[in-house]
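Read through the structure below, which is laid out as structure tokens, and then see the notes.
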Amino acid sequence: MCISKFVVPVVGFLLTASASAATHVLDGKSLSVDELWKISEPGETVKVSDDGWKRIKASYKAPIDAATDGRDIYGLTVNYGALKDQKVAGSSVEDEPNRSASIQFNERQMRIQAA
């Protein structure tokens, strides 16, 4: 067996794999559409920066705080559209049974939208 028949494809694969794979760091501020397309390619690695995690946690906390303050939040404490006057959960949305009611409501809404 000719060694070049084996070595050339392996070296080619390694060069292609190393050239296309990259680590993308999400920080919540700098993601472009072009980078989003790159991230979706096979072999790409995505990490979230510490600042990115802080932003994710803050974005979760904002509607929770608003609900705790008694404000109506679509999909969290009240229904959508014509049913917006129907409560889904009380103001303490992180406490049971409100948390489970809100999760079930949103799962049902996602299934409706997918259908």
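The values are calculated or read from the model by the stated rules, or taken from the named source; none is laboratory data. Everything quoted here is computed from the prediction, not taken from an experiment. Neighbour counts are summed over all protein chains in view; Cβ atoms, including those assigned to glycine, are modelled from backbone coordinates with ideal geometry.
How about the stretch 55-99: which of its residues are part of a helix (DSSP H, G or I) and charged (D, E, K, R)?
Of all residues in the stretch 55-99, those part of a helix (DSSP H, G or I) come to 55-68, 81-83, 98-99.
Of everything in the stretch 55-99, those that are part of a helix (DSSP H, G or I) and charged (D, E, K, R) turn out to be ARG55, LYS57, LYS61, ASP65, ARG99.
Taking the condition of being in contact with a strand residue (DSSP E or B) (Cβ under 7 Å, 6 or more places away or on another chain) and either at positive phi or charged (D, E, K, R) (or both), how many residues in the stretch 54-84 meet it?
Residues in the stretch 54-84 being in contact with a strand residue (DSSP E or B) (Cβ under 7 Å, 6 or more places away or on another chain) and either at positive phi or charged (D, E, K, R) (or both): 2 in total.
How many residues does the stretch 20-36 contain that are surrounded by fewer than 10 Cβ atoms within 10 Å (Cβ to Cβ) and either within 16 Å of the chain's Cα centre (by Cα) or assigned to a strand (DSSP E or B) (or both)? Spell out the reasoning first.
As a first pass, look at the stretch 20-36 and keep what is surrounded by fewer than 10 Cβ atoms within 10 Å (Cβ to Cβ): 23, 29, 32-34.
Next, from what is left, pick out any that are either within 16 Å of the chain's Cα centre (by Cα) or assigned to a strand (DSSP E or B) (or both): 23, 29, 32-33.
Residues in the stretch 20-36 being surrounded by fewer than 10 Cβ atoms within 10 Å (Cβ to Cβ) and either within 16 Å of the chain's Cα centre (by Cα) or assigned to a strand (DSSP E or B) (or both): 4 in total.
Which one of these is at pLDDT 90 or above, assigned to a helix (DSSP H, G or I) and over 20 Å from PHE105 (Cβ atoms): GLY12, GLY52? Give the derivation first.
Numbers: GLY12 fails: at pLDDT 90 or above.
Unique residue meeting the criteria: GLY52.
For the stretch 58-115: of the residues being of a type in the set (Phe, Trp, Tyr) and either assigned by TED's automatic domain parsing to the domain that holds GLY28 or touching a Lys or Arg at 6+ places or on another chain (Cβ under 8 Å) (or both), which is farthest from LYS29 (Cα to Cα)?
Let us first name the residues in the stretch 58-115 that are of a type in the set (Phe, Trp, Tyr), namely 60, 74, 80, 105.
Keeping just the survivors that are either assigned by TED's automatic domain parsing to the domain that holds GLY28 or touching a Lys or Arg at 6+ places or on another chain (Cβ under 8 Å) (or both) gives 60, 74.
On the way: TYR60: 16, TYR74: 25 Å.
Once the filter is applied, the top-ranked residue is TYR74.
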